[in-house]
Amino acid sequence: MSEETNILQTFGAPEQSADEQTASACCETAAEQSADALDAAQSAPQENAPSNAAEEQPTAPPPTRAQEKKTAFIYLLFALGALACVYVAQIFQLLSPLYHYIYYGNVTTLLISVTQAIFWIPCIVLLYWGVKKCTGYKLFRRTRQELSLKRSMIIYACAIVPIFVVSAVLGFELKVVFELGKRVTGMQLATNAVVYANGAVKLVLAVIMIELVQEAVELLYKGKYAKQIPWGGIALALVFGFLEVIVAYGTHAYTTFAWLYIAFDLLYGVIYVLSKKNFYVTFFVSLIIYIL
């Protein structure tokens, strides 16, 4: 026995035959396949669980006609709320004699514009929160659909044409240059910058009104071309536009711009529809028109 052991240690164990190696490899492969199958069987219920849960969730039924009318009514109420926010802030204009104790002239205009803007910002936040809570709709809508070249060119034209018209009315001078006047001082620049910032915040409220009225009328009127008519712009021009004319005459402001703003309000609604209800495109194009 010891001699056989010495021989094995000296020359090594005899090599396996080809049949034995093939059989061993087959056994190992079968064991690995059975282990993989077991793992797949254990993980399959976990992977399918979310999809099954999603399939089991019932889809929400479409809103009834009564629900749509109720939602439209809520939209209109919040649009009126936005309009009220704009004109409640005119109280600061009526309190302008109090600012005279601080300083006269441009400082009074600057203080009025600042206080109005500070008042409007929380109003915008409350409008966003209120509409979302009551209807689930989020203001400041941004569509993810790309605009076609044709729509983009029309929107550019909607910006360029009114700028040209206003410039022609002012003797082919940009409005921003006209409002600065001939003798420009540092205080004049600061005041105009604050006034434009005030107008930008006010314009946010205007576009919110366009958005809410557009959504409301589209729920109430289901005509073929209902979504192609700028309902928000029409309402803004008839209500907000004419009220701006009244305010301009009451505060002895430059009334020519007030009359032009009626057409601009309608134009803002057209831009909103053309941009596929994109709040940000409408706001920035409208802001360019307002400043220039």
- Query: Taking Lys175 as the anchor, which lysines have their alpha carbon closer than 30 Å to its alpha carbon, excluding any fewer than eight residues away along the same chain?
  - Reply: Lys150, Lys202, Lys276, Lys277
- In region 134-292 the accessible area split gives carbon plus sulfur, as whole percent at 1.4 Å, a share of 69
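The values are calculated or read from the model by the stated rules, or taken from the named source; none is laboratory data. The model shown is predicted, which means the values in this text are computed figures rather than measured ones. These accessible areas exclude ligands, DNA and RNA; they are computed on the full protein's heavy atoms, side chains included. Shrake-Rupley method; radii C 1.70, N 1.55, O 1.52, S 1.80 Å.
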